[in-house]
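The values are calculated or read from the model by the stated rules, or taken from the named source; none is laboratory data. Values in this document were obtained by computation on a predicted structure and should not be read as measured data. FYI the Cβ positions are ideal-geometry reconstructions off the backbone, even for glycines, and counts take in every protein chain you see.
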C-alpha cells in the first residue's frame, strides 16, 4: 500500500535526523582519536620540559614531529582519503607555523609564555568550532583555555607539571568523552 | 507511482539503512555505534538487521578484537540502490502534482 503524504514526509524527516546524528557520531569518533593522541603529545612534551628545561626546543621538535606522524597514520588507518589526510597535515602544520611566527614577533618571551600559545590557540579553535558545529567542542575549548590560564596566572611554581595535566589530561579525557557518545 | 520498499519502510529498519547510507562504499559500522545512532535495543536492532541481511541489503561480519567479540555492519550495493529508490519513491509521493490528487 502506498504511504500517505504525511507518512512520506515523516520518513524523510527521520532520514535527515539520522543523517545528522550519524555525521555527528562519526565526527566525534574521528576527533576523539586525535584528541587522545595530541593529549599524549602535550603530556609527554610538558613532562619532558619539566625535567629537561635546557632542551626545550629539542623536546618539542621531537614530540610534535611524532604527533604529526602518528596523527597522519591514525587518519590513514581510519580509512580517510589521501586528500583529507593532506588537509589534516596542512591544518596541523599551519597551527605550528602560526605559533612559531608568534614566538618570532613577540621575542623575547619566557618559556611559560611561549607554552601558553599553542593550548590557547587550540582552545579558541575548539570554542569557535563548537559554536558553529557541535556543542561538546565548546566545552572542551573552554575547559582547556580556563585550566591553562589558571596555571599561568596562579600556579607558575608548578607550571610545567600543571600544564602536563591541564593540557594533556584535558585533551585525553575529552577524547574519551567524545568516544562515550 | 512506485511503491516504497516494504522492507525498508519500517521505522527501525529505515533508521538502520539511513545510518549505513552515510558511510562510504565498503565501510563498516560497529554494532554498538549503530545502536547508539538508531537508539534501539540490542535485541530489536539484531532482529531488524537479520531481516535486512536476508533481503541482501546489509552484510554482517562477526570477529574478535583480542578476546572481545565485535559485530560490524555494512550496506551492500543492493541495499544502497534500494535505499536510493526508496527515497525517490517518498519524494515522488510528496511531489506537487501527486499531492493535488
Of (1) facing another protein chain (nearest Cβ under 8 Å); (2) not in a helix (DSSP H, G or I), residue B:33 satisfies all except one. Which? (2)
Can you name every residue in segment A:71-88 that is surrounded by fewer than 14 Cβ atoms within 10 Å (Cβ to Cβ) and at pLDDT 85 or above? A:73, A:86, A:87
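Inside segment B:36-46, can you point out the residues that are over 20 Å from residue B:87 (Cβ atoms), at the interface with chain A (Cβ under 9 Å from one of its Cβ atoms) and in a helix (DSSP H, G or I)? Spell out how you get there, then give the answer.
Restricting attention to segment B:36-46, the residues satisfying the condition of being over 20 Å from residue B:87 (Cβ atoms) are B:36, B:39-46.
Adding the requirement that they be at the interface with chain A (Cβ under 9 Å from one of its Cβ atoms) leaves B:36, B:39.
Across segment B:36-46, the qualifying residue is only B:36.
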Restricted to segment B:80-101, and to residues that are over 15 Å from residue B:18 (Cβ atoms) and in contact with a helix residue (DSSP H, G or I) (Cβ under 8 Å, 6 or more places away or on another chain), which residue is modelled with the lowest pLDDT? B:99
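For the structure I just gave you, tell me whether residue A:126 is touching a helix residue (DSSP H, G or I) at 6+ places or on another chain (Cβ under 9 Å) and farther than 19 Å from residue A:74 by Cβ. Give the derivation first.
Values: touching a helix residue (DSSP H, G or I) at 6+ places or on another chain (Cβ under 9 Å): yes; farther than 19 Å from residue A:74 by Cβ: no.
In short, no.
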Within the bounds of segment B:47-66, is there any residue that is within 14 Å of chain A (Cβ to nearest Cβ) and touching a strand residue (DSSP E or B) at 6+ places or on another chain (Cβ under 9 Å)? no
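Looking for whichever is in contact (Cβ under 8 Å) with a residue 24 or more places away in the chain and closer than 30 Å to residue A:111 by Cβ here; the options are A:89, A:43. Which one fits?
On the way: A:89 fails: in contact (Cβ under 8 Å) with a residue 24 or more places away in the chain.
Among A:89, A:43, only A:43 is in contact (Cβ under 8 Å) with a residue 24 or more places away in the chain and closer than 30 Å to residue A:111 by Cβ.
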Tally, over segment B:57-79, of residues that are touching a helix residue (DSSP H, G or I) at 6+ places or on another chain (Cβ under 8 Å), surrounded by fewer than 16 Cβ atoms within 10 Å (Cβ to Cβ) and within 30 Å of residue A:5 (Cβ to Cβ): 0
Sort out which residues of segment A:1-52 are facing chain B (nearest Cβ under 10 Å) and closer than 15 Å to residue A:173 by Cα, and write them in order of number. A:29
Going by the structure shown, is residue A:128 closer than 18 Å to residue A:50 by Cα and surrounded by fewer than 17 Cβ atoms within 10 Å (Cβ to Cβ)? no
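Please verify whether residue B:30 is touching a residue at least 40 places away in the same chain (Cβ under 8 Å), in contact with a strand residue (DSSP E or B) (Cβ under 6 Å, 6 or more places away or on another chain) and either under 21 Å from residue A:78 (Cα atoms) or surrounded by 14 or more Cβ atoms within 10 Å (Cβ to Cβ) (or both), treating the condition exactly as stated. Even if it seems obvious, please write down each step before you answer.
On the way: touching a residue at least 40 places away in the same chain (Cβ under 8 Å): yes; in contact with a strand residue (DSSP E or B) (Cβ under 6 Å, 6 or more places away or on another chain): yes; either under 21 Å from residue A:78 (Cα atoms) or surrounded by 14 or more Cβ atoms within 10 Å (Cβ to Cβ) (or both): yes.
Taking the combined requirement at face value, the residue satisfies it.
Take the residues in segment B:2-22 that are in a loop (DSSP other than H, G, I, E, B) and at the interface with chain A (Cβ under 8 Å from one of its Cβ atoms), then tell me which one is nearest to residue B:84 (Cα to Cα). Reasoning before the result, please.
Of all residues in segment B:2-22, those in a loop (DSSP other than H, G, I, E, B) come to B:2-10, B:22.
Still in the running and at the interface with chain A (Cβ under 8 Å from one of its Cβ atoms): B:3-4, B:9, B:22.
Values: B:3: 13, B:4: 10, B:9: 13, B:22: 12 Å.
Filtering segment B:2-22 for residues that are in a loop (DSSP other than H, G, I, E, B) and at the interface with chain A (Cβ under 8 Å from one of its Cβ atoms), the one nearest to residue B:84 (Cα to Cα) comes out as B:4.
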